[in-house]
Amino acid sequence: MGHVEISHLEYYLPDGRVLFDDASFRVGEGAAVALVGANGAGKTTLLRLIAGDLQPHGGTVTVSGGLGVMRQFVGTTGRESPLADDASVRDLLVAVAPPKVKKAALAVDAAELAMMAQDDERTQMAYAQALADWADAGGYEYETTWDVCTVAALGTPYERAQWRSLATLSGGEQKRLVLEALLRGTDEVLLLDEPDNYLDVPGKRWLEEQIRQTKKTVVFVSHDRELLANSAEKIVSVERGLDSSEVWVHGSGFASYHEAREERFARFEELRRRWDEKHAQLKKLVLDMREYAARSHDMASRYAAATTRLRKFEEVGPPPEPPRKQAITMRLKGGRTGVRAFTFEKLELTGLMKPFDLEVYYGERVAVLGSNGSGKSHFLRLLAGQDVTHTGAWKLGARVVPGHFAQTHAHPELYGRTTREILESEHAMDRKAAMSVLRRYELHHQEDIRFENLSGGQQARLMILRLELSGATALLLDEPTDNLDLESAEALQEGLEAFEGTVLAVTHDRWFARTFDRFLVFGEDGRVVEAPEPVWDVARVVRER
């Protein structure tokens, strides 16, 4: 069994800023611990330090047992991916295999390429040696494991699936495949960076069960409140302070985390209050002793003692400042529209769903539920005015202005532009106005960072801010909480409660879904039905109706 131990960790960002000053925590054998914190606080960097991708500038990182890592972005997407655009299923499985298996697989690939270029005795011998090394590394045993993984994740044996292009797999299928491989592999410690993103609810429930049942030590980053509540034994919280990020451990589950966090903030405030009171008392004592000493030489020694006491007290200094709470305020305004915001008559998205009729009224909050691939995102794109093949009729109500939040944040038109430049150009803002709204979304420190270099959560907040400024009266939200940290997700919920308009949201976030009042379920068989409450057994709901 493996464990992870961080002791007095120090790490500085490339620009010299301190990210971690004195971080310490331990994850014991077989424990399941969640890393939580604001977007940009350093959770992913902390995982990279544990994984060995980055080296600390001070302190130690200790990991026992083999280490398996799931990056935030798997497959061929994201800045972290080492895979080529034409990567296959086999390439992905090799990428998350233990080092000796990965090394042997790459050697076999190189030997096969050499054989294709020149089939002589020397290359044949090199190929035979590569195959022998592959066997010695346990490669054939891993192929047996990968067969179980591809059947579980893709419904296809490894022999047929191995050369399939990753581009043909959904984000959820790629995540599930990597999770299957890591959970069934030999590594005793798993680092999982947002493993639940792109998984539908059955996939999230499967992940929760795997984390609870595995004997491996699991450290995972997640913003899914339901997953945290159901899987994490302890919480390691990464809090942004004035000068660096602080790390503290809540020794229980997510259910009591918020209360413990508030109590911790209150303790910081109480310690500072007591220090200020004591400081004021000592300063007053020095002033009083100075007056007494001026009138009597006998008081000179007491004045000197009081002065020394104040000096030593001030040298020790006040207690540390508490971590800074995020203060995100989303002012999603909306506006009055016609009574019927959306009307659908025998609407069918070709190849995805059967015809259905529906009316959505002004002010309603409709959660669009269903498994991956059932057509939910296409449905929102159609309502946003994009070219989606369909039959039947649909129309917007009077004064309905749709605003679309896309799940992937794939906006190449924004690349190369900073957050402030985007607002200034799109909304004719000066720098002062742009900084004011960026500050409400906790993006003011990212004013000069280009869109493509923002974290997933920062990109999501910027997209919501653009919706706020667009004047939309109907929000079409596709997995809006996927990359948002806990406080941002709660700020979005508060913003939607105050929004004067209609909301349709595709979501697999069970916590978020409970805040809606209508539930539209897209079934795998193509039928679209309504349910009285959030439901995740889609097949059962559709069957009963």
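Would you mind stating whether Arg336 is loosely packed, with under 13 Cβ neighbours inside 10 Å, over 27 Å from Trp536 (Cβ atoms) and among the basic types (Lys, Arg)?
On the way: loosely packed, with under 13 Cβ neighbours inside 10 Å: yes; over 27 Å from Trp536 (Cβ atoms): yes; among the basic types (Lys, Arg): yes.
Against the criterion (loosely packed, with under 13 Cβ neighbours inside 10 Å, over 27 Å from Trp536 (Cβ atoms) and among the basic types (Lys, Arg)), Arg336 qualifies.
Yes or no, residue by residue, for (1) closer than 25 Å to Phe512 by Cα; (2) not in a strand (DSSP E or B):
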| residue | (1), (2) |
| --- | --- |
| Ala367 | yes, no |
| Ser377 | yes, yes |
| Asp387 | no, yes |
| Ala398 | no, yes |
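Residues of the stretch 143-183 that are in contact with an Asp or Glu (Cβ under 8 Å, 6 or more places away or on another chain), acidic (Asp, Glu) and surrounded by 16 or more Cβ atoms within 10 Å (Cβ to Cβ): Asp147 alone.
What number of residues within the stretch 1-45 satisfy the criterion of being assigned to a loop (DSSP other than H, G, I, E, B), under 21 Å from Asp193 (Cβ atoms) and in contact (Cβ under 8 Å) with a residue 12 or more places away in the chain?
Step one: list which residues in the stretch 1-45 are assigned to a loop (DSSP other than H, G, I, E, B), which gives 1-2, 13-17, 28-31, 38-42.
Filter once more, keeping what is under 21 Å from Asp193 (Cβ atoms): 2, 13-14, 28, 30-31, 38-42.
Then keep just the ones that are in contact (Cβ under 8 Å) with a residue 12 or more places away in the chain; that gives 2, 28, 30-31, 38-42.
The total comes to 9.
The number of residues in the stretch 445-474 being out of contact with any strand residue (DSSP E or B) (no Cβ under 9 Å at 6 or more places or on another chain) and within 20 Å of Leu486 (Cβ to Cβ) comes to 10. Tallying residues that are over 23 Å from the mean Cα position of the chain (by Cα) and assigned to a loop (DSSP other than H, G, I, E, B) within the stretch 418-449 yields 3. If you go through the stretch 22-36 and keep only what is in contact with an Asp or Glu (Cβ under 6 Å, 6 or more places away or on another chain) and farther than 17 Å from Ile211 by Cβ, you end up with just Arg26. Scanning the stretch 460-476 for residues that are in contact with a helix residue (DSSP H, G or I) (Cβ under 8 Å, 6 or more places away or on another chain) and within 16 Å of Gln407 (Cβ to Cβ) turns up Ala460, Arg461, Leu462, Ile464, Arg466, Leu475, Leu476.
Listed conditions (1) crowded, with 20+ Cβ neighbours inside 10 Å; (2) on the phi < 0 side of the Ramachandran plot are all met by Gly370, apart from (2).
Given the structure, is Thr186 closer than 23 Å to Gly52 by Cα and either of a type in the set (Ser, Thr, Tyr) or at pLDDT below 90 (or both)? Show your work before the answer.
Working: closer than 23 Å to Gly52 by Cα: yes; either of a type in the set (Ser, Thr, Tyr) or at pLDDT below 90 (or both): yes.
Answer is yes for this residue.
Scanning the stretch 307-322 for residues that are part of a helix (DSSP H, G or I), farther than 14 Å from Gln281 by Cα and touching a Lys or Arg at 6+ places or on another chain (Cβ under 9 Å) returns no hits.
When Glu239 is tested against the conditions (1) in a loop (DSSP other than H, G, I, E, B); (2) touching a Phe, Trp or Tyr at 6+ places or on another chain (Cβ under 8 Å); (3) acidic (Asp, Glu), the lone failure is (1).
Of all residues in the stretch 84-115, count the ones that are outside any helix (DSSP H, G or I) and of a type in the set (A, V, I, L, M, F, W, C).
If we filter the stretch 84-115 for residues that are outside any helix (DSSP H, G or I), which is where we start, we get 84-88, 96-98.
Pick out the ones that are also of a type in the set (A, V, I, L, M, F, W, C) and you get 84, 87, 96-97.
Residues meeting the conditions: 4.
In the stretch 184-202, what residues are part of a helix (DSSP H, G or I) and surrounded by fewer than 21 Cβ atoms within 10 Å (Cβ to Cβ)? Result: Arg184, Pro202.
From the list Trp536, Trp511, the lone residue that is modelled with pLDDT under 90 and crowded, with 18+ Cβ neighbours inside 10 Å is Trp536. Residue pairs whose Cβ atoms lie under 9 Å apart, separated by 6 or more positions or on different chains, with the first residue in the stretch 265-282 and within 10 Å of Leu310 (Cα to Cα) and the second among the hydroxyl-bearing types (Ser, Thr, Tyr), do not occur.
The values are calculated or read from the model by the stated rules, or taken from the named source; none is laboratory data. Please read all numbers here as calculations on a predicted model, not as lab measurements. Neighbour counts run over all protein chains shown; Cβ positions are idealised from the backbone, glycine included.
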